[in-house]
Amino acid sequence: MIPFKDIEIADRATIQRYTLQSPRRNCDLSFANLCSWRFMYGTQFAELDGYLLLKFHAEGQLVYMMPIGNGDLRAVLHALIDDAHREGAPFCLLGICSDMCSEVEAFMPGQFQFTADRDYADYIYLRSDLATLAGKRFQPKRNHVNKFKRIYTNYTYTPITPDSISECLQLEQEWCLANKCDEQEGTGNERRAMIYALEHFDELGLTGGILHVNDQIAAFTFGMPINQETFGIHVEKADTRIEGAYAMINYEFANHIPEQYIYLNREEDLGIEGLRKAKLSYQPTAILEKYIACLKSEPVEAIKW
């Protein structure tokens, strides 16, 4: 039996020992995301034969992440299949990136059905693109940033510190009221995860920035490394009454992330038309499709991440 346990903040070092050394860039592997969303997914983890294993419940259905590590993957997959069967559930893997489909297929040929969901694909950007906004394709974004600088000559950008968490929480509350987020499906869960992350900022290992205009908070953002070359941006909120605040916090944060991180993962668009348009407008270097892989021999309901 695999010794799964509920994920806790104290498990950060154990989990990141695997994720930070992995080539996988998907946002689901950020420790902050794993921990902040555990209330919704019942997230558990285990270590087995050189692999980190992650176990969830999505839409009421038991699912696993693709094992992370090195060793006998075939044996570990069979152990996960046995674990699912002990729980009386079909076996499905989430977060299978395109290049991983062939890996699964090589170990268990013809046994899995792979299904992609565009709404849950991650947007991957070059950090240097978002930090410089160089070239013709970024001209509209440069215009937004330059206009912001002209209008708000006394703006400041500073890192999020324990003293500024309350400001971020206040802006999040005001943003929610202005955008009627309580009337939108799923925003209650997003708020709960965000508030948890802010209240446990340092413990989760998060890094963030705040934009002030006239000494009032105008925007904030935060995230953390996913692996050694990819930084995940998990949250970005701005006062929409301040023109260009989103463009400016995006630009400033990209300039303050260490150059070690070649890529920025700005997560999914969830099929929201406006969000998809905004993410595409920043010219991603890749759209990271993620597949669900389920054993063909076992009927499953449609899973939404």
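The values are calculated or read from the model by the stated rules, or taken from the named source; none is laboratory data. Everything numeric in this text was worked out from a predicted model, so none of it was measured. All Cβ positions, glycine included, derive from the backbone under ideal geometry; neighbour counts span all protein chains shown.
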| Positions within segment 257-277 being at pLDDT 95 or above, outside any loop (DSSP other than H, G, I, E, B) and surrounded by 14 or more Cβ atoms within 10 Å (Cβ to Cβ), in sequence order | Y263, L264, N265, R276
| Counting only residues that are acidic (D, E) and in a loop (DSSP other than H, G, I, E, B), which one in segment 24-75 is nearest to the chain's Cα centre (by Cα)? | E59
| task | Determine whether T221 is part of a strand (DSSP E or B) and of a type outside the set (A, V, I, L, M, F, W, C). | result | yes
| query | Among (1) more than 27 Å from L264 (Cβ to Cβ); (2) crowded, with 20+ Cβ neighbours inside 10 Å; (3) of a type in the set (D, E), which single condition is E59 missing? | reply | (2)
| said: I need a count of the residues in segment 101-127 that are surrounded by 14 or more Cβ atoms within 10 Å (Cβ to Cβ) and either touching a Cys at 6+ places or on another chain (Cβ under 7 Å) or without any contact (Cβ under 8 Å) to a residue 40 or more places away in the chain (or both). | reply: 7
| message | Based on this model, can you work out whether Y125 counts as among the aromatic types (F, W, Y) and touching a Pro at 6+ places or on another chain (Cβ under 7 Å)? | response | yes
| field | Only one of A106, A134, A89 that is of a type in the set (G, A, S), more than 21 Å from I287 (Cβ to Cβ) and in the same structural domain as E243 (by TED's automatic domain parsing) | value | A134
| remark: Within segment 76-120, the residues that are of a type in the set (V, I, T) and not in a helix (DSSP H, G or I) are I96, T115
| query | What number of residues in segment 13-28 are over 15 Å from T230 (Cβ atoms) and crowded, with 19+ Cβ neighbours inside 10 Å? | reply | 1
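Listed here are the residues, each with its yes/no results for (1) among the small types (G, A, S); (2) more than 29 Å from R127 (Cβ to Cβ).
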{"site": "I15", "(1), (2)": "no, no"}
{"site": "S36", "(1), (2)": "yes, no"}
{"site": "L48", "(1), (2)": "no, yes"}
{"site": "L53", "(1), (2)": "no, yes"}
{"site": "A58", "(1), (2)": "yes, yes"}
{"site": "P67", "(1), (2)": "no, no"}
{"site": "L73", "(1), (2)": "no, yes"}
{"site": "V76", "(1), (2)": "no, yes"}
{"site": "D83", "(1), (2)": "no, yes"}
| note | Exactly one of T230, T221 is at pLDDT 95 or above, surrounded by 22 or more Cβ atoms within 10 Å (Cβ to Cβ), among the β-branched types (V, I, T) and touching an Asp or Glu at 6+ places or on another chain (Cβ under 7 Å), and that one is T221
| Among R266, R276, which is the only one that is closer than 30 Å to V63 by Cβ and touching a residue at least 60 places away in the same chain (Cβ under 8 Å)? | R266
| message | Against the condition modelled with pLDDT of 90 or more, in the same structural domain as E47 (by TED's automatic domain parsing) and within 30 Å of T285 (Cβ to Cβ), how does Q113 come out, does it pass? | response | yes
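Just to be sure, is A247 outside any strand (DSSP E or B), farther than 20 Å from S164 by Cβ, assigned by TED's automatic domain parsing to the domain that holds R191 and among the aliphatic types (A, V, I, L, M)?
Working: outside any strand (DSSP E or B): yes; farther than 20 Å from S164 by Cβ: yes; assigned by TED's automatic domain parsing to the domain that holds R191: yes; among the aliphatic types (A, V, I, L, M): yes.
Considered against the rule, which asks whether it is outside any strand (DSSP E or B), farther than 20 Å from S164 by Cβ, assigned by TED's automatic domain parsing to the domain that holds R191 and among the aliphatic types (A, V, I, L, M), A247 comes out as yes.
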| request: Output yes when any residue across segment 38-51 is at pLDDT 95 or above and within 19 Å of E105 (Cα to Cα), and no when none is. | output: yes
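Filter segment 163-182 down to the residues that are of a type in the set (A, V, I, L, M, F, W, C) and at pLDDT 90 or above, then identify the one that is surrounded by the most Cβ atoms within 10 Å (Cβ to Cβ).
Within segment 163-182, the subset of a type in the set (A, V, I, L, M, F, W, C) is 165, 168-169, 171, 175-178, 181.
Keeping just the survivors that are at pLDDT 90 or above gives 165, 168-169, 171.
On the way: I165: 19, C168: 24, L169: 15, L171: 19.
Result: C168.
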